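All of the numbers you see were taken from the coordinates with simple rules; none came from a lab. If you're wondering where the values come from, they're calculated on a predicted model, not measured in any experiment. Heads up, the Cβs are rebuilt from the backbone with ideal geometry, glycines too, and the neighbour counts pull from every protein chain shown.
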Amino acid sequence: MTTQALLVIDVQNAIDDPKWGRRGQPQAEAAIARLLEAWRERRLPVVHVRHDSTDPRSPYRPGTKGNEFKAEVAPQMGEPVIDKRTNNAFIGTDLMDVLDELQVRSLVVTGVLLENSVDATVRMAANLGFEVTVAKDAVASIDRKDHCGKRWTAEDVHALTLAILDGEYARISTSDAIIETLP
């Protein structure tokens, strides 16, 4: 049987900073908390990723309130925390070693921002041979402006990013459907 880990990416206080503009998917943290509860009840592996920005202006920089995990999804004792400095949780970290040690070959990915760190990590995980599922209600996006000046809502960014990932890089599902399939 393949061990399936829950990966929680960058769910830190910094995501609430006004710098990011309007965020969609306000239910994401609650969905992540439900997934965490289900994983913990079943004693399945949970891995948290913390973004430690090297930008001195970033709300994600270490030593700030923004760098702290959001309370409702904070790691518990014994749950590995991977500190990253890029948008990809595999680059310059020991994530692969942790997953190998836990004998994980399947990932359920949650977190923020879907179109940034979640996307980069999902693509890399798929390229490394992991079976990846993205819980679409447990990831969040923000409003974006493209290079032509068009504004895209967080909901549109969310839908398009999920559509791009679906199939080639990941299976897209809901938190409830994922929980129903757990052993």
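Can you give the local net charge around HIS51? Use residues other than it whose beta-carbon is closer than 13 angstrom to its beta-carbon, Lys and Arg +1, Asp and Glu -1. Here the charged neighbours net out to -1. Summing charges over all other residues whose Cβ lies under 9 Å from the Cβ of SER141, with Lys and Arg as +1 and Asp and Glu as -1, gives -2.
Across ALA159, ALA28, ALA125, mean-square fluctuation computed from a Gaussian network of the chain (C-alpha pairs under 10 Å connected) peaks at ALA159. Structural descriptor for the chain: relative contact order 27 percent, calculated from alpha carbon pairs under 8 angstrom and at least 6 residues apart. Result for the chain in a Gaussian network model with C-alpha springs under 10 Å: among ILE82, ILE164, ILE32, the largest mean-square fluctuation is at ILE164. To the nearest whole percent, what portion of all C-alpha pairs in the chain is separated by more than 23 angstrom? Cα-Cα pairs of the chain separated by over 23 Å account for 37 percent. Report the residue, chosen from ALA170, ALA71, ALA138, that carries the largest GNM mean-square fluctuation when the chain is represented by alpha-carbon nodes joined by springs under 10 Å. Fluctuation is largest for ALA71. Our summary gives region 137-183 a relative contact order of 30 percent, counting only alpha carbon pairs under 8 angstrom and 6 or more residues apart.
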